[in-house]
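Here's the structure we're looking at; comments come further down.
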Amino acid sequence: MRECFRLAKKGFGKVLPNPMVGCVVLDRNGKVVSKGYHKKYGENHAERDALLKLKNNEAEGGTLYVNLEPCSHYGKTPPCVDLILERKLKRVVIGMKDVNPKVDGISKLLEAGIEVCTVLEDEARFLNRVFIKNMTRQTPYVVLKTASTMDGKIAANTGSSKWITSEEARAEVYRMRREFDCILTSSNTVLADNPRMEHQFKCILDKDLRVQRDAEIFKQGKIYVASRENTPLKSGHLDVEYVLRELYKQGIYTVFVECGGTLAGAMLREGLIDEVYQFIAPKILNDNSGLSCFNGSNVSEISEAQRLKFYDIKKIGSDLLIKCILTT
Ligand code: AOF
Ligand code: ZN
């Protein structure tokens, strides 16, 4: 199954809105006879990719490993379950059940007398967390990036923020942006920093259309401006959840949020963030009037704090980059 995960990741950035899927086929003696993966959206599924490589049917009586339940529907390709039955496999080991309501592969396999079992489910679900969110919620997967001092400040009280992190960390942000379909920011950030935010698709939350068209951000890429003219308000602010759903309808499956503490705090409170990428510079501002990464309010108990799980940490230049996923 770990080999399936490794193969699946080769499809990173090329398969969305489909999942990343890898497949390993063993013959009746447990010897690996074929491997495959889902290479690109619309192309063969992992199981088909692996099984079609076999000249004689070495898979007969063998085991097929795949990190997602094989499909049973006619989509861009015929059902993988049919091919598995045709090739007479004895056992199928999956990582997770498919969340696509059109798919009911496990029952089809069981009905045909094939053994099915699940292994490493948590890891399989983590690998395809973007697909799961997209498919079950019809909304993009949202990662918020922030960069702070060790005491969680993103700027001094004058607004001075250039630069908290090292050049290497900033270069990493440029690279990271390319992994997302869209960058989302606020008019506050654009007015304060006038960033260029080089990207093919950018969304600015600008309720009162305060950002002028000659701002750097307009000089490149496609821009979606959400304002009171095209977006409903919720408690006097733009309904960000509505904006995310609109972006999804335009084929945006992943969003990278780069903003200040007000929007970050609001999105966190409203449960709109899936992950946080936090850069931490080896600096302490030591001023409580400095600006915070998350600017919510009225939280009186530590037990009310949002919980996250650190899943990756690395040093970039002189800074740390902590990647974490929200938990309940
Ligand atoms: C698998 N193996 O490698 C993939 C699966 O219409 P299609 O062909 O693009 O089918 C997309 C759906 O098929 C997708 O939402 C997911 O449920 C499943 N993708 N299934 O068994 C694969 N990519
Ligand atoms: Zn399939």
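Within the stretch 16-51, the residues that satisfy the criterion of being aliphatic (A, V, I, L, M), away from ligand 2 (no atom under 12 Å from the Cβ) and within 21 Å of LEU120 (Cβ to Cβ) are MET20, VAL24, VAL25, LEU26, VAL32. Is it the case that the stretch 49-61 has a residue that's under 17 Å from PHE131 (Cβ atoms), assigned by TED's automatic domain parsing to the domain that holds LEU110 and within 13 Å of ligand 1 (Cβ to nearest atom)? No; the residues of the stretch 49-61 include none that is under 17 Å from PHE131 (Cβ atoms), assigned by TED's automatic domain parsing to the domain that holds LEU110 and within 13 Å of ligand 1 (Cβ to nearest atom). You will find that of ILE154, ILE183, ILE252, ILE223, the residue that is surrounded by 13 or more Cβ atoms within 10 Å (Cβ to Cβ) and under 26 Å from PRO282 (Cα atoms) is ILE154 and no other.
Restricting attention to the stretch 150-174, the residues that are of a type in the set (A, V, I, L, M) and touching a helix residue (DSSP H, G or I) at 6+ places or on another chain (Cβ under 8 Å) add up to 1. Note on the stretch 15-125: enclosed strands (runs of 3 or more DSSP E) holding 3 or more residues that are free of Cβ contacts under 8 Å to residues at least 60 places away in the same chain are 22-26, 32-37, 91-94, 115-118. Scanning the stretch 82-92 for residues that are within 13 Å of ligand 1 (Cβ to nearest atom) and either more than 20 Å from LYS39 (Cβ to Cβ) or of a type in the set (Ser, Thr, Tyr) (or both) yields ASP82, VAL92.
Candidates in the stretch 69-94 are the residues that are aliphatic (A, V, I, L, M) and in contact with a helix residue (DSSP H, G or I) (Cβ under 7 Å, 6 or more places away or on another chain); of these, the one that is surrounded by the fewest Cβ atoms within 10 Å (Cβ to Cβ) is LEU83.
Counting the residues of the stretch 251-274 that are under 22 Å from ARG196 (Cβ atoms) and either out of contact with any Ser or Thr (no Cβ under 8 Å at 6 or more places or on another chain) or not polar (S, T, N, Q) (or both) gives 11. Looking across the stretch 284-313, the residues that are assigned to a loop (DSSP other than H, G, I, E, B), touching a residue at least 24 places away in the same chain (Cβ under 8 Å), out of contact with any Asp or Glu (no Cβ under 6 Å at 6 or more places or on another chain) and not hydroxyl-bearing (Ser, Thr, Tyr) come down to ASN286, ASP287, GLY290, CYS293, PHE294, ASN295, GLY296, GLN306. For the stretch 25-48, a residue qualifies if it is away from ligand 1 (no atom under 13 Å from the Cβ) and under 21 Å from LYS97 (Cβ atoms), and exactly one does: VAL25.
The values are calculated or read from the model by the stated rules, or taken from the named source; none is laboratory data. Not measured: the values here are computed from a predicted model. Positions of Cβ are generated from backbone atoms using ideal geometry, with glycine treated the same way; all protein chains shown enter the neighbour counts.
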